[in-house]
Amino acid sequence: MEKLVIDGGKRLEGSLRVSGAKNAALPILAASLLTAERVALGNAPRLNDIGTMLKLLRGLGADAVDDGNSGIEITAANLSELRAPYDLVKTMRASFLVLGPLLARFGGGEVSLPGGCAIGARPVDQHLKGFAAMGAEIGMRDGYVRASAPGGLRGAEVEMDTVTVGGTENLMMAATLAEGKTVLRRAAREPEIVDLGNFLNAMGARVSGHGTSTVVIDGVEQLGGTGYAIMPDRVEAGTYLIAVAATRGRVRLTGVDPRTLGAVLERLMVAGADIRTGKGWVELDMRARPRAVDIETAPYPGFPTDMQAQFLAMNAIAEGDCRVTENIFENRFMHVQEINRLGARIELRGRSTALVHGVERLRAAPVMATDLRASFSLVVAGLVAEGRTTIDRIYHIDRGYEAIEDKLSALGADVRRI
Ligand code: UD1
């Protein structure tokens with residue numbers, strides 16, 4: 001199994017181009033099932049999760065061509081299967097996003113239940129509640145969710161019980177081809193939802209209010225092919241800003257949209273970073289030891305759960321004490337135990353709070369990645385630790401971070417894969 005070896009203690013400095021957003025690309029790829037015509041995507045990141053989604057689309061019978069760079073073309077003229085199998089869904093929950101498009105265009109679909117995952121239960125009840133409100137029949141058999149609406153979906157008013165990114169996306173996609181108007185209340189407002197809404201509109205859908213908590217979709221007869229460039233990855237951007245800040249470094253990020261990074265930039269400034277932004281770029285300069293900063297995760301525009309672990313790693317070497325509160329997922333502190341192996345002093349209080357007592361320095365040790373974002377927190381810790389840190393199970397990192405060794409090396413880090 002591949003490992004990452006980091007010789008820590010180097011200040012990161014340089015410039016970096018941010019990749020396209022994984023969390024926008026996945027729903028957009030699923031949405032390409034909504035049309036028989038060709039969809040051409042640009043700025044797609046090269047990641048294992050994208051590979052998993054392409055495998056799923058091909059398994060359904062779509063034609064998916066990856067140009068080996070950042071272009072992907074999908075044509076889902078005729079499908080041979082309407083079922084997303086367990087072996088793909090279990091490696092990536094976002095596979096569940098094909099159910100909305102299958103139901104909308106083909107009147108039915110079957111997707112394996114995602115089941116438990118490393119960061120908590122993560123149910124899909126809100127997706128199913130919305131499909132049912134639109135007239136779909138929902139059943140479960142042998143671990144699969146089966147949804148059917150042979151006569152087509154009808155527009156509906158859906159008030160979600162919890163703010164869910166994937167649920168909002170699945171229902172938006174389903175509603176594009178439903179008869180009449182759908183109103184989604186308590187919708188998630190993440191920038192990736194805005195990107196999906198813009199993509200759907202480029203295909204001929206009539207979506208409005210995306211980016212607010214009420215999304216309105218007027219159903220249309222059919223959607224057509226289009227070209228579309230995927231938005232920049234705000235999680236990758238924020239992750240590198242945090243990593244650089246933790247090493248007291250300096251960086252210029254390009255290919256990024258600073259407007260999507262508000263909460264993270266604000267917390268980094270409180271930690272002591274100098275930050276400048278412009279259209280398509282962000283610069284960060286951290287001259288002193290970071291100050292400890294409380295963070296509390298929340299749906300957008302709050303502090304993203306996907307950057308909690310990385311920020312916590314920076315807090316581990318910051319000056320002072322702070323509290324990190326995780327409100328989105330249960331059990332998303334598995335990195336704490338690993339970071340403590342490097343000499344950090346982090347105490348868990350219940351399932352949603354970590355008290356961080358900043359220490360001057362960390363010392364290298366072997367550690368193990370537990371989930372996608374948590375694994376980058378170990379990279380942050382390894383970059384600041386004295387000595388050689390080895391991170392095991394880095395397949396988690398490759399799900400969501402493109403060319404991590406190349407990008408870190410370009411900033412002067414000493415990182416290799418073995
Ligand atoms: C997406 C992101 C993930 C991010 C998360 C929260 C993608 C591919 N993944 O995941 O990186 O961490 O948003 O920002 O975009 N919930 C329910 N019932 C449901 C659906 C969700 O109770 O039907 C709960 C979940 O258990 C969780 C919370 O709602 O506690 C948020 O989950 P959700 O926003 O749906 O996350 P994902 O879309 O899976």
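On the stretch 34-184, 47 percent of the accessible area sits on carbon and sulfur atoms, based on a 1.4 Å probe. Please give the net charge around Gly14, taking every other residue with its beta carbon less than 13 angstrom from that of Gly14, where Lys and Arg add +1 and Asp and Glu add -1. For residues surrounding Gly14, the net value is +2. State whether the chain is rounded, prolate or oblate according to the following rule on the C-alpha gyration tensor (a ≥ b ≥ c being the square roots of its eigenvalues): a/c under 1.5 gives rounded; otherwise a/b larger than b/c gives prolate, and the remaining case gives oblate. Since a/c reaches 1.5 and a/b is larger than b/c, the shape of the chain is classed as prolate. What part of the accessible area of the stretch 276-409, given as a whole %, is carbon or sulfur when the probe is 1.4 angstrom? About 44 percent, which is the carbon plus sulfur part of the accessible surface. Taking the 0 to 90 degree range and rounding to the nearest ten, how far is the long axis of helix 191-202 tilted relative to the main principal axis of the chain, both from C-alpha atoms? Here the helix axis deviates by roughly 30 degrees.
Here, the stretch 102-206 is characterised by an Rg to Rh ratio of 0.96, where Rg is the alpha-carbon radius of gyration and Rh the Kirkwood radius.
Could you tell me the ratio Rg/Rh of the stretch 32-188? Both radii from Cα atoms, Rh via Kirkwood. Could you put the intermediate results ahead of the total?
Working: Rg = 15.1 Å, Rh = 15.9 Å.
My calculation puts Rg/Rh at 0.95.
Between the stretch 268-339 and the stretch 137-163, what's the alpha-carbon centroid distance in Å? If we compute the Cα centre of each part, the gap is 37 Å. A simple rule links phi to the HN-Hα coupling: the Karplus curve 6.51 cos²θ - 1.76 cosθ + 1.60 with θ = phi - 60°, which for the stretch 346-360 gives 10, 10, 8, 10, x, 8, 10, 10, 10, 9, 10, 9, x, 10, 5 Hz, with x for Gly and Pro.
Accessible area per residue for the chain is 38 Å², calculated with a 1.4 Å probe on protein heavy atoms, without ligands, DNA or RNA.
Please tell me which of these pairs span more than 22 angstrom C-alpha to C-alpha: Lys22/Lys90; Lys10/Lys407; Lys55/Lys407; Lys129/Lys181?
On the way: Lys22/Lys90 18 Å; Lys10/Lys407 15 Å; Lys55/Lys407 26 Å; Lys129/Lys181 17 Å.
Lys55/Lys407, as the Cα separations exceed 22 Å there.
How fast does the stretch 1-112 diffuse by Stokes-Einstein, in µm²/s, taking the Kirkwood radius from C-alpha pairs at 37 °C and 0.692 mPa s? Here the translational diffusion coefficient equals 215 µm²/s.
Taking amide H as placed 1.01 Å from N in the peptide plane, Asn43 has its amide H under 5 Å from the amide H of Ile230, each at least 5 places away in sequence or on another chain. Measuring max minus min along each principal axis, the C-alpha atoms of the stretch 328-418 give extents of 38, 29, 20 Å (largest first). Here the stretch 289-338 yields Rg over Rh of 0.96, to two decimals, using C-alpha coordinates and the Kirkwood radius. What is the Cα centroid distance between the stretch 12-52 and the stretch 164-236, reported in whole angstrom? Here the two parts' Cα centres lie 16 Å apart. If each Cα of the stretch 264-418 is one equal point scatterer, what is log10 of I(q)/I(0) from the Debye formula at q = 0.08, 0.12, 0.20 Å⁻¹? Rounded to two decimals, the profile gives -0.21, -0.49, -1.46.
Using every pair of distinct Cα positions in the stretch 154-232, the Kirkwood expression returns a hydrodynamic radius of 12.3 angstrom. Taking every alpha carbon pair in the stretch 209-300, what does the distance histogram look like in 5 angstrom bins from 0, in percent? Histogram of Cα-Cα distances, whole percents per bin: 3, 12, 20, 18, 15, 10, 8, 6, 4, 3, 1, 0. The label-point distance for Glu266 and Thr162, in a model that sets each label 7 Å from Cα toward Cβ, rounds to 2.5 nm. Taking amide H as placed 1.01 Å from N in the peptide plane, the amide H of Leu113 sits under 5 Å from that of Tyr144, Val145, each at least 5 places away or on another chain.
The values are calculated or read from the model by the stated rules, or taken from the named source; none is laboratory data. Because the structure is a prediction, the values reported are computed rather than measured. Note that each Cβ is placed from the backbone with ideal geometry, even for glycine, and that neighbours are counted across all protein chains shown. Each accessible area value is taken on the protein alone, full model and side chains, heavy atoms only, with ligands, DNA and RNA left out. Shrake-Rupley method; radii C 1.70, N 1.55, O 1.52, S 1.80 Å.
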